[in-house]
Amino acid sequence: MGDGATLDEVRQLLDQGSVAEAKVLAQTRNAPSLTDAALHLAWAEVLEDLGLVEEVALELNLAIRDDPGRREAYERLAELHLDQGQPLKAAHVWGSLVKRRPQDPLPYRELGRVLEEAREYAKAQEVYELALARTGEAEFQTLLNNLAFLKEPGEPPAAAPAADQLLPQPHHLVVFISLFAGREGVYARQWVSPTGETGYTPVHEPLTPRVAENHLLGNFTVGVYPVRLDNTVNFIAFDLDVAKFALRRAITSQREWQRVMGRVHQTACRLLDAAAAHELPLYLEDSGFKGRHAWIFLDTPVPAGVAKKCGDLLAGQLTPIPPEVTVEVFPKQATVRPGSLGNLIKLPLGIHRKTGKRALLVKPDGQPHPDQLSLLTQVQKAPRRLVYAAIQRLQAGKERPLLPGETPGPEVPPPPPVTEVMAPSPQAPYDLDREPQFQQLMLKCPVLRTLVERVNHTSQLTKEETLVLIHTLGHLEQGPAAVNELFQRCLNAEPSLFLKSRLRGHPMSCPKIRARIPQITAALACNCTFDLASNLYPTPVLHVQALGAAASPLGLTVDSLQFQNLLQDYLKLRRQMKETQLLLGRYETRLAQFFVEAGVEQVQTPLGTLLCRKKEDGEVSFTLEM
């Protein structure tokens, strides 16, 4: 069997949901013997769906071997290396394309960007200078201007010396590693070169009390990767910095330095107020060099996508942000691929290796808190419900609460009266629970019904679940309205996923759905039969054919999704009430025995006086007087 035929068979197994068999068959191909770059790229796409990352890299390298000028292969290989946390490998890929296409600005731009991310600023400068000379594009001069301050060694004006020594006790260390716990089994150490360059080196060891102690004592400085192995986080953080172009001017002027740092601190205080408007406690930190960090600690871990959404929406409340200030949100990723670490953030109370300045937690007036270590033990953590509530309010586009010091704008006068004219009746708002095609799918397809229930109960969808809804519901007559209504209820739905028009072409097949979300379909009766006409294949959308185009709304019947959800919630409450009544009876029996043995008829409780009364028939009853 040729490798092209093998590829088709692997795709067929994927469509049928036979992922394990597809993996085994894919690894029987003889990749090095192929000389077709397009076929290598096709294999790379399928292997990525199978999660075989090393095999994807092999195919992309072979595609470059067979067609060295094909930019797509370079782009995909560089992106793969970046996803795996290997920026220098990505830089090597883009460097190869620069040699192949010396007049193309894109490889230079991407190579410089990757080198900047890897803190290789001198090399990035060389790339931009070469690009400017070869292409003449003005954008490279702008990129050079942003890097120019790195050519001028020196420290920020009036850099404060390291703060007094912190002397942490064991309980301080336990609290510290609990507050800032990130990716398990790894942290990062900050380094500085003799020329003033700084960066971080991953250390594949746990963040232990001993590591925290060395950080607080100033022996070395630690950063963490916020996203844990299960793609949850313990905190939301913001990094507010002086923009590169402003830093170049401020680095040599005490007055300018104070001005731009004042703008950064003012922006951080606005963020503090924005978080407070949603009852989210936020703590400010002087990062030790050119900005502020801000921290929201969570009482329980939340999905990284939820944390990122909350942080992005809060940062959006700062608009307009001064041009001298940049704001980054951590976590930067909703998920981190296996083998990758994501982006890191430096932890507070350590020494910035470039300036020798300790990164202290500060009050809104910019002054450090008097007892840094005690403050750690007293921080207020944000409950999960407040994080979700903030997202829902901000995402719904409601008017944000007024911040301290703000006043409401002038009232807009009512429009002048106009002569009444006959107008067409306004179109009724879209109602998901009364839309016939959607209701038919909910009745007939247990898989789609389960996904919708997940939206209603958890406000979360995975990437694969999102794609299933888009490529099934999106084909209904009111598909965009149905999909968008569900995504409005999701906390992690990206705006780019919302549909503008009904999808055309082929909806997702049942085998493809089973391949994408096997953890759901395997637990359900996903085995519908269809009366297939010629050239059709099984898909949930076939369930709506029986309705016809002029189907009337199903309404709130006993078969509607809204009624079924209401019924399930009611039965759940009745079951809980029954269990509570049984438990209450057991406790009252035991309490009655204690009252008799103690010889008392009443006791004081935090809620009031609890009275124990014995009826004529000997039955005991309790009354709580509030």
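The values are calculated or read from the model by the stated rules, or taken from the named source; none is laboratory data. Quantities reported herein were computed from a predicted structural model and do not represent experimental measurements. Counting neighbours? That spans all protein chains shown, and the Cβs are built from the backbone with ideal geometry, glycine included. Heavy atoms of the whole protein, side chains included, go into the accessibility calculation; ligands, DNA and RNA do not. Shrake-Rupley method; radii C 1.70, N 1.55, O 1.52, S 1.80 Å.
Points worth noting:
- Options GLY305, GLY311; residue that is open to solvent by 10 Å² or more (accessible area, probe 1.4 Å) and touching a Pro at 6+ places or on another chain (Cβ under 9 Å): GLY305
- Residues in the range 121-138 that are closer than 29 Å to SER193 by Cα and out of contact with any Gly (no Cβ under 7 Å at 6 or more places or on another chain): TYR121, ALA122, LYS123, GLN125, GLU126, GLU129, LEU130, ALA131, LEU132.
- Pairs meeting the criteria (first residue in the range 611-626 and polar (S, T, N, Q), second residue assigned to a strand (DSSP E or B), beta carbons under 7 Å, at least 6 apart or on different chains) are SER621/ARG613; THR623/LEU611; THR623/ARG613.
- Within the range 501-520, residues that are under 16 Å from GLN545 (Cα atoms) sit with their Cβ atoms under 8 Å from residues that are assigned to a loop (DSSP other than H, G, I, E, B) and open to solvent by 60 Å² or more (accessible area, probe 1.4 Å), at 6+ positions apart or across chains, in these pairs: HIS506/TYR537; SER509/TYR537.
- Residue under evaluation ARG337, criteria (1) within 29 Å of LEU166 (Cβ to Cβ); (2) surrounded by fewer than 17 Cβ atoms within 10 Å (Cβ to Cβ); (3) not β-branched (Val, Ile, Thr), criterion not met: (1)
- Any chance THR326 is of a type outside the set (A, V, I, L, M), under 23 Å from LEU461 (Cβ atoms), touching a residue at least 24 places away in the same chain (Cβ under 8 Å) and not in a helix (DSSP H, G or I): no
- Reported count of residues in the range 340-365, each being closer than 17 Å to ASP312 by Cβ and either of a type outside the set (Val, Ile, Thr) or surrounded by fewer than 21 Cβ atoms within 10 Å (Cβ to Cβ) (or both), is 2.
- Of the helices (runs of 4 or more DSSP H) lying entirely inside the range 46-112, those containing at least 1 residues that are at pLDDT 85 or above, open to solvent by 30 Å² or more (accessible area, probe 1.4 Å) and polar (S, T, N, Q) span 53-66, 87-100.
- Test: ALA382 is of a type in the set (A, V, I, L, M, F, W, C), at pLDDT 90 or above, open to solvent by less than 30 Å² (accessible area, probe 1.4 Å) and under 28 Å from GLY305 (Cα atoms): yes
- If you go through the range 566-595 and keep only what is over 37 Å from the mean Cα position of the chain (by Cα) and polar (S, T, N, Q), you end up with THR580, GLN581, THR589, GLN593.
- Of all the numbered requirements in (1) in a loop (DSSP other than H, G, I, E, B); (2) at pLDDT below 90, LEU318 misses one, and that requirement is (2).
- Counting only helices (runs of 4 or more DSSP H) that sit wholly inside the range 431-506, those with at least 2 residues that are open to solvent by 10 Å² or more (accessible area, probe 1.4 Å) and of a type in the set (A, V, I, L, M) are 463-473.
- Strands (runs of 3 or more DSSP E) (entirely within the range 188-295) containing at least 1 residues that are touching a strand residue (DSSP E or B) at 6+ places or on another chain (Cβ under 7 Å), without any contact (Cβ under 8 Å) to a residue 24 or more places away in the chain and surrounded by fewer than 21 Cβ atoms within 10 Å (Cβ to Cβ): 198-203
- Only one of THR419, THR377, THR407 that is hydroxyl-bearing (Ser, Thr, Tyr), at negative phi and either at pLDDT 75 or above or surrounded by 14 or more Cβ atoms within 10 Å (Cβ to Cβ) (or both): THR377
- The residues of the range 510-549 that are at pLDDT below 75 and outside any helix (DSSP H, G or I), listed by number, are ASP531, LEU532, ALA533, SER534, ASN535, LEU536, LEU547, GLY548, ALA549.
- Residues of the range 7-23 that are within 32 Å of the chain's Cα centre (by Cα) and among the charged types (D, E, K, R): ARG11, ASP15, LYS23.
- Among the candidates GLY350, GLY342, GLY356, residue that is small (Gly, Ala, Ser) and touching a helix residue (DSSP H, G or I) at 6+ places or on another chain (Cβ under 7 Å): GLY350
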